[in-house]
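*Asks:* What follows is a single structure, and I will ask about it in a moment.
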């Protein structure tokens with residue numbers, strides 16, 4: 001451990017966490033099939049987001065999020081914790097009460113494609129993000145509303161969240 005710097009340790013932990021997530025998905029798939037695995041994965045991702053939002057609020061010393069600026073700060077701090085270098089996504093808060101999110105190269109898409117169930121896969125990544133907002137009590141609308149994976153259709157993986165006060 002002494003030979004690793006803080007960034008290297010963080011990357012190692014995040015890669016291990018994502019490997020666990022992938023292995024969990026694969027073994028669940030083998031035991032229950034893709035339909036049940038998708039449902040469980042979405043529920044687990046949203047549940048994780050709900051719990052994380054409360055943990056991060058406490059860790060960041062935030063009691064309540066009342067403004068768009070506070071929400072943006074919270075989101076940016078969470079991303080510093082959860083994003084590894086291999087996660088190729090961007091987000092933009094430049095429009096008031098809106099966050100545009102884009103996955104440029106999706107690690108989940110690549111993994112699901114490797115195990116051969118892409119046609120029936122329903123993405124759970126945005127469930128986690130929505131769990132953060134739900135856990136904060138933030139009202140929002142997300143578009144596009146999809147079940148599945150935009151990348152498998154050759155489209156950009158994007159979501160726009162509009163927040164309401």
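The values are calculated or read from the model by the stated rules, or taken from the named source; none is laboratory data. Every value quoted in this text rests on a predicted model; they were computed, and no experiment measured them. No Cβ is skipped: glycine too gets one built from the backbone with ideal geometry, and neighbour counts run over all protein chains shown.
*Asks:* Which of (1) modelled with pLDDT under 95; (2) closer than 17 Å to residue 132 by Cα; (3) within 14 Å of the chain's Cα centre (by Cα) does residue 46 not meet, given it meets every other one?
*Replies:* Single failed check for residue 46: (1).
*Asks:* Going residue by residue through segment 27-36, is there one that turns out to be modelled with pLDDT of 95 or more, over 15 Å from the mean Cα position of the chain (by Cα), more than 19 Å from residue 86 (Cβ to Cβ) and part of a loop (DSSP other than H, G, I, E, B)?
*Replies:* yes
*Asks:* Can you report the number of residues in segment 80-106 which are touching a strand residue (DSSP E or B) at 6+ places or on another chain (Cβ under 6 Å) and in contact (Cβ under 8 Å) with a residue 60 or more places away in the chain?
*Replies:* So the answer is 5.
*Asks:* Moving on. Against the definition (part of a helix (DSSP H, G or I), over 30 Å from residue 29 (Cα atoms), without any contact (Cβ under 8 Å) to a residue 60 or more places away in the chain and within 15 Å of the chain's Cα centre (by Cα)), how does residue 77 come out, yes or no?
*Replies:* Taking the combined requirement at face value, the residue satisfies it.
Every residue, every condition in (1) within 18 Å of residue 17 (Cβ to Cβ); (2) exposed (fewer than 14 other Cβ atoms within 10 Å of the Cβ), yes or no:
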| residue | (1), (2) |
| --- | --- |
| 46 | yes, no |
| 63 | no, yes |
| 80 | yes, yes |
| 84 | yes, no |
| 91 | no, no |
| 100 | no, no |
| 117 | no, no |
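*Asks:* Could you pull out the residue among 51, 40, 69 that is assigned to a helix (DSSP H, G or I) and more than 16 Å from residue 133 (Cβ to Cβ)?
*Replies:* Selected residue: 40, the only one of 51, 40, 69 that is assigned to a helix (DSSP H, G or I) and more than 16 Å from residue 133 (Cβ to Cβ).
*Asks:* Here's something else I'd like to know. What number of residues within segment 129-165 are within 17 Å of residue 98 (Cα to Cα), touching a strand residue (DSSP E or B) at 6+ places or on another chain (Cβ under 7 Å), surrounded by fewer than 20 Cβ atoms within 10 Å (Cβ to Cβ) and without any contact (Cβ under 8 Å) to a residue 60 or more places away in the chain?
*Replies:* Residues meeting the conditions: 6.
*Asks:* Considering segment 16-31 alone, what residues qualify as being surrounded by 13 or more Cβ atoms within 10 Å (Cβ to Cβ) and more than 30 Å from residue 137 (Cα to Cα)?
*Replies:* Of everything in segment 16-31, those that are surrounded by 13 or more Cβ atoms within 10 Å (Cβ to Cβ) and more than 30 Å from residue 137 (Cα to Cα) turn out to be 26, 28, 29.
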